[in-house]
Structure formats: structure tokens, C-alpha cells
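A short write-up of the structure that comes next.
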Amino acid sequence: YEKSPWVAEQVWNKNLSDQQKTIKSLHIHMKNIVEEAKPEQKYKLLNNHPELSSNFFKKAGLTTASKKEQRSAGLDKCTPTESNELLSLNTRYRATFTFPFIIAVKGRTISDILEQLNKRLLNSPDIEFGIALNEVHNIALLRLMDVFGKPST
């Protein structure tokens, strides 16, 4: 969970048994902690995520994981038109929802991302808040899998 150590700290404080120390279980515990958090904490969690940008490599404070993910989606290879569209849509999105557009970019292209941005701008604030939190959970699971391997079924 991007720049939100409180999530992992609360899981750590649960003293999980060895049987609970699987990727799936860890992800469920982390997700539950976020879902049980106060709305202000959830907004802060969302705002800890960076905006997607074709200039991500120039941004200070961007985590290594975020750089890797944005590069994997080809954001470092945007055309000027795509870059301008992404900037414009991000600006509209933040003005509408007060947090950055969040999407698990792994396995997506810039076209996929722009399409989702356009589509999600049509959502109500409550719907989009839920979608953004779900994307944060998806990102967390993908990052856990990057670190520890794919979960067993």
C-alpha cells in the first residue's frame, strides 16, 4: 500500500499464525484493515498514490515499484498526443474526485489506461471512490506476488 505503512503495521500487530502467512491471507488481512479504516484514512491512502504520467521518471518521491509498473505499461513511450491527453484527463479526474486516478497498470497499455480514465470520469464520486480503493487492493496483491511469488490456490 503506497506510502501507507500503517496497513502492514496493523497486519504485523495481528501476530498471524504460520497458516495465515500466505500471500492470499496477507492480502485479505491488509484489504480488511483498509476497508475498516476511517474515510479520511482511505482518502489519504488514495492520495499517496502518484498520478500516472509519461514523465514519471522525473518525479521526485516516486517509489521503485511505481516506476517499474508505469514503465511496464509503456508510459515512458507515450506519444506527445497521448502524454497531453493523459495530463488533461488526470487534471479533470483530480478536480472531480479529489484524488489521483488509480489503476493497476500491470498488463495494460497506454490506450487501455486512457480508455479507463475516460470511462471512469463518468462515475459518481461514491462509485469512483470504491473503484479506486479496489484498484489499490489489486496493486497491493500484484506487488505481494512480485515479492513473494504467485499465491497457491
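Key figures for this structure:
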{"item": "Rg/Rg_globular for the chain, with Rg_globular taken as 2.2 N^0.38 Å and Rg from C-alpha atoms", "result": "1.07"}
{"item": "Two-site FRET efficiency, GLU51 against ASN138, from Cβ-Cβ distance with R₀ of 25 Å, rounded to 0.05", "result": "0.90"}
{"item": "Too-long pairs where the Cα-Cα distance tops 18 Å, listed order kept, from LYS3/LYS67; LYS106/LYS150; LYS44/LYS106", "result": "LYS44/LYS106"}
{"item": "Share of carbon and sulfur in the accessible heavy-atom surface of the chain [1.4 Å probe, %]", "result": "54"}
{"item": "Label-point separation, GLU40 to LYS77 (7 Å along Cα→Cβ), nm", "result": "4.5"}
{"item": "Segment GLN20-LEU87, extension gain: residue separation times 0.36 nm, minus the distance between their alpha carbons", "result": "19.9 nm"}
{"item": "Relative contact order computed over the chain (Cα-Cα under 8 Å; 6+ residues apart), in percent", "result": "28"}
{"item": "Solvent exposure of the chain as accessible area per residue, Å², 1.4 Å probe", "result": "58"}
{"item": "Cα-based shape type of the stretch 52-106, given that a ≥ b ≥ c are square roots of the gyration tensor eigenvalues and the cut on a/c is 1.5", "result": "oblate"}
{"item": "ASN32 paired with ILE127, simple spin-label distance in nm, labels 7 Å along Cα-to-beta-carbon", "result": "3.0"}
{"item": "Residues of type aspartates and glutamates that LYS31 reaches as a straight line, Cα spacing below 18 Å, ignoring anything fewer than 8 places off in the same chain", "result": "GLU2, GLU9, GLU40, GLU128, GLU135, ASP146"}
{"item": "The stretch 26-90 shape via C-alpha gyration tensor axes, a/c threshold 1.5", "result": "prolate"}
{"item": "Kyte-Doolittle at least 0.5, axis length at least 18 Å by Cα - qualifying DSSP helices, the chain", "result": "125-148"}
{"item": "Solvent accessible area, Å² - ARG143, 1.4 Å probe, full protein context", "result": "40"}
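The values are calculated or read from the model by the stated rules, or taken from the named source; none is laboratory data. What you are looking at is a predicted structure, and each value in this text was computed from that prediction instead of being measured. Positions of Cβ are generated from backbone atoms using ideal geometry, with glycine treated the same way; all protein chains shown enter the neighbour counts. Keep in mind that these areas ignore ligands, DNA and RNA; they rest on the heavy atoms of the full protein, side chains included. Shrake-Rupley method; radii C 1.70, N 1.55, O 1.52, S 1.80 Å.
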